[in-house]
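Novice: Below is the structure I would like to discuss, written out as structure tokens.
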There are 2 protein chains.
Amino acid sequence: MTYCVGMMLNRGLVFMSDTRTNAGLDNISTFRKMSIWEEEGERCITLMSAGNLATTQAVVSELDERLKAPSERAPSLLAVPSMFQAARLVGETLRDVIDRQANSGQRADTAFNATLLLGGQIGDNPPRLFLIYPEGNFIEASEDTPFFQTGEIKYGRPILVRAYDPDMSFEEAMKLLLVSFDSTIKANLTVGMPVDYHCYTTDSLKTGVVGRVEGDAPYFQSISQGWGQALKDTLDSLAPFSFDD
Amino acid sequence: MTYCVGMMLNRGLVFMSDTRTNAGLDNISTFRKMSIWEEEGERCITLMSAGNLATTQAVVSELDERLKAPSERAPSLLAVPSMFQAARLVGETLRDVIDRQANSGQRADTAFNATLLLGGQIGDNPPRLFLIYPEGNFIEASEDTPFFQTGEIKYGRPILVRAYDPDMSFEEAMKLLLVSFDSTIKANLTVGMPVDYHCYTTDSLKTGVVGRVEGDAPYFQSISQGWGQALKDTLDSLAPFSFDD
């Protein structure tokens, strides 16, 4: 499993992904699930992946190879004129990879599927955020649904739904996301620290703040421990239930 | 889907279940998913069900019929000498019902499966709480895992894990459960109000406080709205993230 969140704010886009991959419960590893393509002053595109690691790595490698050997038939992520075209390119690449693996006569215990989050900005167009399905089609974030989650979405969703605010600063968004990731990691062994993040500033057209938060980082520890206590205090602060009503 | 929680406290057992059943998204109804059997001064047993409604209703009906026509081969819930025997009886009944439906030559789009939560107290023995699987086997709650959830467990789990305390009063437990149910109901359409509850007091050996909380009840509304705001405030109270660390 995996947990990734992409979020649209008024000031830009925030991406966060965990790093745990597992082939069974007795075989876990750490892999980066976030890739960034940039042409400074012109575009910055971030991709996060959930699903079969062989599939998602193949998609990223294929997208990378096209940069080196661009052809008219298959434009590269640094050549497409819009984020919509970028989503289409990534979606087609994903579908092709899955198709190739699933129909190669090979069998696997697990599915070859993967789901991708793609966000970024190209030229004068506003930033856009897409959720791309294994079938290659995709949906776009909007004011009504300003963030997407993939992988193990349920444990960390209630706090996102309730505390998301498009006016948030990147610092506030990072705090919110770390709380959401902490709830997920506490509940699902197949989601794990460290987490990677990228905060992209609208109209900067270059990679923003990129980093990794380790599980033993003092700030994450303070969030992880503080949130539990804060939740208890919050519950205490609500009016008591009465059986007499 | 369904959401049920059974919880062991030092002062007794708390049960809460939602009431929504659905056959597809365009066919939803309200059904009680909680049953109570009582022999005052001697035993009180509560059963909550998640899964195929035809299966769970058949299980309850069969358990009821045995009360009226007890036989040696199949003792009734009011005759078994311990909660362990009660769990075995209910588990066998569940397995038989599923087996009968699944192997009758009939086909269904959905599975006939169901999962049950059974808790209560018989005579001098302490209260016990069981989670019963479709296969008829079961696990028992303990100090390490003092509550069980069935159905849509993920959205409402983080707050339970963090705020559960075996010393809670029934009022506090009700508040905690309503917050957990509210988070679930906000996220999953197939879990819905009203919710039924039963608070059983240890060694009372009779039905405790039983009731139903409606979705438009003022207290539930205040919890539902207050919790969202309180969560935001709680998040604000945590130390801010800094990119400079």
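Coordinate-derived values only; no laboratory data. What you are looking at is a predicted structure, and each value in this text was computed from that prediction instead of being measured. As a convention, Cβ positions derive from the backbone with ideal geometry for all residues, glycine included, and neighbour counts pool all protein chains shown.
Novice: Based on this model, can you work out whether residue A:204 counts as more than 24 Å from residue A:8 (Cα to Cα) and of a type outside the set (Val, Ile, Thr)?
Specialist: Values: more than 24 Å from residue A:8 (Cα to Cα): no; of a type outside the set (Val, Ile, Thr): yes.
So residue A:204 does not fit the description; no.
Novice: Can you tell me which of (1) of a type outside the set (Gly, Ala, Ser); (2) closer than 17 Å to residue B:3 by Cα; (3) buried (at least 22 other Cβ atoms within 10 Å of the Cβ) is the one residue B:30 doesn't meet?
Specialist: Residue B:30 satisfies all of (1) of a type outside the set (Gly, Ala, Ser); (2) closer than 17 Å to residue B:3 by Cα; (3) buried (at least 22 other Cβ atoms within 10 Å of the Cβ) except (3).
Novice: Looking only at residues in segment B:190-245 that are farther than 29 Å from residue B:129 by Cα and polar (S, T, N, Q), which one is surrounded by the most Cβ atoms within 10 Å (Cβ to Cβ)?
Specialist: Among those that are farther than 29 Å from residue B:129 by Cα and polar (S, T, N, Q), it is B:234.
Novice: What are the residues in segment B:129-144 that are more than 13 Å from residue B:13 (Cα to Cα) and of a type in the set (Phe, Trp, Tyr), if any?
Specialist: Across segment B:129-144, the qualifying residues are B:133, B:138.
Novice: So in segment B:154-189, with the set limited to residues that are surrounded by fewer than 18 Cβ atoms within 10 Å (Cβ to Cβ) and more than 10 Å from chain A (Cβ to nearest Cβ), which one is farthest from residue B:209 (Cα to Cα)?
Specialist: B:189
Novice: Just for segment B:122-150: of the residues that are in contact (Cβ under 8 Å) with a residue 60 or more places away in the chain and more than 16 Å from the chain's Cα centre (by Cα), which one is surrounded by the most Cβ atoms within 10 Å (Cβ to Cβ)?
Specialist: B:122
Novice: Restricting attention to segment B:226-239, does a residue exist that is more than 7 Å from chain A (Cβ to nearest Cβ) and either part of a strand (DSSP E or B) or touching a residue at least 60 places away in the same chain (Cβ under 8 Å) (or both)?
Specialist: Checked against the condition, which is being more than 7 Å from chain A (Cβ to nearest Cβ) and either part of a strand (DSSP E or B) or touching a residue at least 60 places away in the same chain (Cβ under 8 Å) (or both), segment B:226-239 yields no hits at all.
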